[in-house]
Amino acid sequence: MTRRPPDIPDPASPLAPARGEDMLASFLLTALDAAGELMLIRGPTGRVAHVNQAFIRAFGGTLNDWVGRWFSVAPPAGTDGSRRYEMLMRTQKGPLWIEWDERLLPHDRGVIAVGRDITSRRESHDSLEASQRAKSLFFAAVTHELRTPLAGAMGVARLLKATPLRPDQADYVCTLAASAEHALAMIDDILDLSRLEAGKLNLRPESVDLAALLAETVEPLATRAQDKGLELCVVYSADAPLQVTGDKARLKQILFNLIGNAVKFTDSGGIRVEIGNSPDADGRPRLSLAVCDTGPGISEVDQASLFEHFERGAAERDGKEAGAGLGLAMVRRLVETMQSSMGVESRLGEGARFWVLFELPVESLSNEQPLAGREIAVAAPNPVLRTALADQLAALGADVVAIDRPDRIAAASGRELLLDNSWADQAKTAKAAHCWLIMTPPEKDAFLEARPEGVDGWLVKPVRRSTLVAQICGHPQVDYEAEAADRPDEPPRLDGLTVLVAEDDPVNALIARRTLEKLGAVVRTADTGVAALKAFEAGPLDAALLDQRMPGMDGPELARMLRLQGSDVPLIALTANSSEEDRQICLEAGMDDFLTKPVEPLILAATLNRLCGQKKRSSLG
């Protein structure tokens, strides 16, 4: 086949000149040859019509060698007229990554493709990805190695606390447990930040009951607040979301960090948590969260870097409070991972307000006002408590009077009265229709021994919205006593259960065995996966706790083997690894649940009771 000289385009080429266009065609070819990018033109049939000098330098040959050939490394461009793709191609310089940008020529005259050498960019990207993978693997390994002994320290501290100790010894044990817990929290924060930075943190959406989530988060922190003389209150707006779709664990992490920080840096007054609805531009409901405190406030300078890694506010820098500056950085990245937004509003000496606007599907909203028409008074010396309760009652439909001094309690006459326990002696003179004292759990015990005159019942701080409605509407069965059943102080018994503990770390194996034995279970132990498999063959078991990493055969591998053999014994991962990826590995291997060390006896006992039910294989013989 005769090739045409490079300066005369093929008549079938899209660049072939029409009559009077010879000079223009020659100019275009000269411009293409001078370009630094690789240029290739294919005609309507898909065959090469022209390549420029940069293309020839990259792939060799001459123009005549290329014209008329097929040269396409991907399907044709789509109907939108363009496409972009990257290919690793063999060139005169060796393998290079070429980014091709292809566009259809007008009037169906073919395709022009522009290629750029992006090898350095790809190598940089690959190097970054490899670095991120290495960092993730490093953090995962370090986390596991550090979490295991720290979990052991916390577990041993729990066992010691249950033994007879002198007061000073009990203090030492509490300090040991608190130090180990703090170190574990820092390790988890660092690991979460590394996953967030690498984009490797996977969210697990599920239906979330916000009232339950707030109770789980706020009530443990309330003890810290009460120890500092602070009030901690939650207020729902009249149209607040009650149920959303989101990652429950990560939502709880955000709440815990924001509320925990507020408790940490506030010395007087209190913390108010607001749950509201902030609709988007199309009127769709959105969950809004605000955590407001009466602390020292944050300067504009500190606000500018507050959400960066290892940045600490003035209180931490001055040594008034300890911290690594990771909590808020992690919160911001979690919020961004949820495609949501957050910010802070504060002035020195005026407290701080941290807000989050969640872009999460809202499943249900509050749309009832069960206290409509009721006249209620709130009397409390602390303005945070007083205002929060008054606002919550108003959102529920009540007509509310807030009383800030004991000599003004006469204003409660004829109304239902919520009275702070510190003013309990005013109950008999209030002449209220009904009176409930607001108190901490320890104060409740004294109340039960000697109920003050004029008092009908009590509400325990932090007051739940559901309990508030139930008490005022005359359903006292939903009060603190009923709620206490939802969060028992003692774990349920495991009498009659035989449980295998497969754990290669002797300290953690001891903790798991002693914890289970204290709850009434019979315990067998194994320190390798192979030994655990033999334990299953030795006799019936009701459940097994499997460490994720064991020598010889790890927990997931053991679980897969047991399921292939037809075993339906409940298998629970008990591991120092805490990531969603680890959880998925264990569940996909056939395990029934996933618990992280150090496991709380309450959680362990509840999990075993739920999975084992009334079945006691070991006792059936």
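For D10, all conditions in the list (1) at pLDDT 85 or above; (2) open to solvent by 20 Å² or more (accessible area, probe 1.4 Å) hold save one; what is the number of the exception?
D10 satisfies all of (1) at pLDDT 85 or above; (2) open to solvent by 20 Å² or more (accessible area, probe 1.4 Å) except (1).
From R408, R451, R386, grab the single residue that is out of contact with any His (no Cβ under 8 Å at 6 or more places or on another chain) and assigned to a loop (DSSP other than H, G, I, E, B).
R451
Quick one: would you say R583 is at negative phi, basic (K, R) and modelled with pLDDT of 90 or more?
Working: at negative phi: yes; basic (K, R): yes; modelled with pLDDT of 90 or more: no.
For R583, the condition - at negative phi, basic (K, R) and modelled with pLDDT of 90 or more - is not met.
Looking at the range 593-610, which of its residues are open to solvent by 50 Å² or more (accessible area, probe 1.4 Å) and more than 30 Å from I190 (Cβ to Cβ)?
N609, R610
Hey, could you check the range 193-208 for residues that are surrounded by fewer than 15 Cβ atoms within 10 Å (Cβ to Cβ) and modelled with pLDDT of 90 or more and say which is nearest to T467 (Cα to Cα)?
Checked the range 193-208; the qualifying residue nearest to T467 (Cα to Cα) is S207.
Which count do you get for residues in the range 566-582 that are part of a helix (DSSP H, G or I) and either without any contact (Cβ under 8 Å) to a residue 40 or more places away in the chain or open to solvent by less than 30 Å² (accessible area, probe 1.4 Å) (or both)?
Result for the range 566-582: 1.
Does any residue in the range 206-219 that is in a helix (DSSP H, G or I) come within less than 8 Å, Cβ to Cβ, of a residue that is small (G, A, S) and open to solvent by 10 Å² or more (accessible area, probe 1.4 Å) six or more places away or on a different chain, and which pairs are these?
Within 8 Å, the pairs are A211/S466.
Among the residues of the range 484-502, is any within 35 Å of the chain's Cα centre (by Cα), modelled with pLDDT of 85 or more, of a type outside the set (A, V, I, L, M, F, W, C) and open to solvent by 20 Å² or more (accessible area, probe 1.4 Å)?
Yes: one or more hits.
Please go through the range 97-115 and pick out each residue that is surrounded by fewer than 19 Cβ atoms within 10 Å (Cβ to Cβ) and either without any contact (Cβ under 8 Å) to a residue 40 or more places away in the chain or in contact with a helix residue (DSSP H, G or I) (Cβ under 8 Å, 6 or more places away or on another chain) (or both).
Result: W97, E99, D101, R103, L104, P106, H107.
Determine which single condition G283 fails, assuming it passes every other condition in (1) farther than 18 Å from S340 by Cβ; (2) open to solvent by less than 30 Å² (accessible area, probe 1.4 Å).
Going through (1) farther than 18 Å from S340 by Cβ; (2) open to solvent by less than 30 Å² (accessible area, probe 1.4 Å) one by one, G283 breaks only (2).
Could you count how many residues in the range 506-565 are among the small types (G, A, S), touching a residue at least 24 places away in the same chain (Cβ under 8 Å) and not in a loop (DSSP other than H, G, I, E, B)?
10
Could you look through the range 218-241, keep only residues that are under 29 Å from E580 (Cβ atoms) and modelled with pLDDT of 95 or more, and pick out the one that is most open to solvent (accessible area, probe 1.4 Å)?
Per the criteria, the residue is V234.
On the basis of being open to solvent by 30 Å² or more (accessible area, probe 1.4 Å), modelled with pLDDT of 70 or more and part of a helix (DSSP H, G or I), does A446 make the cut?
yes
The values are calculated or read from the model by the stated rules, or taken from the named source; none is laboratory data. In this text, all values refer to a predicted model and were calculated from it rather than measured experimentally. Because the Cβ atoms are built from the backbone with ideal geometry, glycine has one as well, and the counts that use them run over all protein chains shown. Each accessible area value is taken on the protein alone, full model and side chains, heavy atoms only, with ligands, DNA and RNA left out. Shrake-Rupley method; radii C 1.70, N 1.55, O 1.52, S 1.80 Å.
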